[in-house]
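The next block holds one structure in the form of C-alpha cells; read it before the comments.
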Amino acid sequence: MPRVSLDLELPGDRAVVDSDGWRIAPGLVPGEPNQGLVAEMRESPARLPDYDDSWWPQNADIQERHSVGFTFAWYRIKITIPAQVKGENVAGGRVWFETNVDNYGEVYVDGNIDRDKWVVTGNNTPKRILIEDPAVPGTEHVIAVLVANAPLGVPVGAIFMRYATLAFEPAPGA
C-alpha cells in the first residue's frame, strides 16, 4: 500500500472517515467563566472523547484566526477508520494525524497525550501523531487539539491550525 492521505478540511475527505467536521470553541474549558482559566486546575475536560461539544459550531474553519492576546481554543474532530482510502486497503497499516498549529499546541487522541511526542512546541512546528497501529476499520477516535497563543507573557498574532490531515501508511516491512 502506498501512502495515501485525507485533508480533514475537505468535506469529501471527511466523509471517508464518517466525520461531521471540526468543532472549535474558545477557552481552556469552553463555556466556563474566564474561559476556564483558574489557578491550579488539574485538567480540562475538553480533551476527553465523551466531552459534550454538541453546542460548539459544527464544520468550523480551522484556518480562521482567533486571538485576543492570551488565547486558548480547542479544535475537535471525530473520525472512524475506513476500510479503504483512495482505493487502498488500510487494515493493518498505520494511521497518522498530521498538523501544524500557531503557536503552542497539544494533541489528544481519545483523551490521551504522549507528553514527549504530541506537544507542539513553537510556531510553525509540524507534528505527526500515531492514531492506530495496526489500523482496524470501524474504530472510532476523537482528536482534540488545544491551541494557545504565545509567548504567554506577551502573546502576538493569532491562533489557528495551518492544516490537518490523516495519513495512511503500510506497516513497517509490509
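Would you pick out the residues in the stretch 17-47 that are surrounded by fewer than 17 Cβ atoms within 10 Å (Cβ to Cβ) and of a type in the set (A, V, I, L, M, F, W, C)? Answer for the stretch 17-47, where residues must be surrounded by fewer than 17 Cβ atoms within 10 Å (Cβ to Cβ) and of a type in the set (A, V, I, L, M, F, W, C): Leu37, Val38, Ala39, Met41.
Report the residue count in the stretch 41-65 for those that are in a loop (DSSP other than H, G, I, E, B), of a type in the set (S, T, N, Q) and touching a residue at least 24 places away in the same chain (Cβ under 8 Å). The total comes to 3. Val142 satisfies every condition listed in (1) buried (at least 18 other Cβ atoms within 10 Å of the Cβ); (2) among the aliphatic types (A, V, I, L, M); (3) touching a Ser or Thr at 6+ places or on another chain (Cβ under 6 Å) except (3). Residue count for the stretch 104-121 satisfying the condition of being outside any strand (DSSP E or B) and at pLDDT below 85: 6. State whether one or more residues within the stretch 80-91 are touching an Asp or Glu at 6+ places or on another chain (Cβ under 7 Å) and either part of a strand (DSSP E or B) or among the charged types (D, E, K, R) (or both). Checked the stretch 80-91: at least one residue is touching an Asp or Glu at 6+ places or on another chain (Cβ under 7 Å) and either part of a strand (DSSP E or B) or among the charged types (D, E, K, R) (or both). Just one of the listed residues (Pro151, Pro126) is in a strand (DSSP E or B) and exposed (fewer than 14 other Cβ atoms within 10 Å of the Cβ), namely Pro126. Taking the numbered list (1) polar (S, T, N, Q); (2) at pLDDT below 95; (3) part of a loop (DSSP other than H, G, I, E, B) in turn, Asn34 passes all entries but (3).
Could you check, for the stretch 121-139, whether at least one of its residues is of a type in the set (Ser, Thr, Tyr), in contact (Cβ under 8 Å) with a residue 40 or more places away in the chain and touching a helix residue (DSSP H, G or I) at 6+ places or on another chain (Cβ under 6 Å)? Looking for residues that are of a type in the set (Ser, Thr, Tyr), in contact (Cβ under 8 Å) with a residue 40 or more places away in the chain and touching a helix residue (DSSP H, G or I) at 6+ places or on another chain (Cβ under 6 Å), one finds none in the stretch 121-139, hence no. Checked against the criterion of being part of a strand (DSSP E or B) and either within 26 Å of Ser54 (Cα to Cα) or out of contact with any His (no Cβ under 8 Å at 6 or more places or on another chain) (or both), the candidates Val68, Val101, Val156 yield just one match: Val101.
The values are calculated or read from the model by the stated rules, or taken from the named source; none is laboratory data. The structure displayed is predicted, hence computed values, not measured ones. Note that each Cβ is placed from the backbone with ideal geometry, even for glycine, and that neighbours are counted across all protein chains shown.
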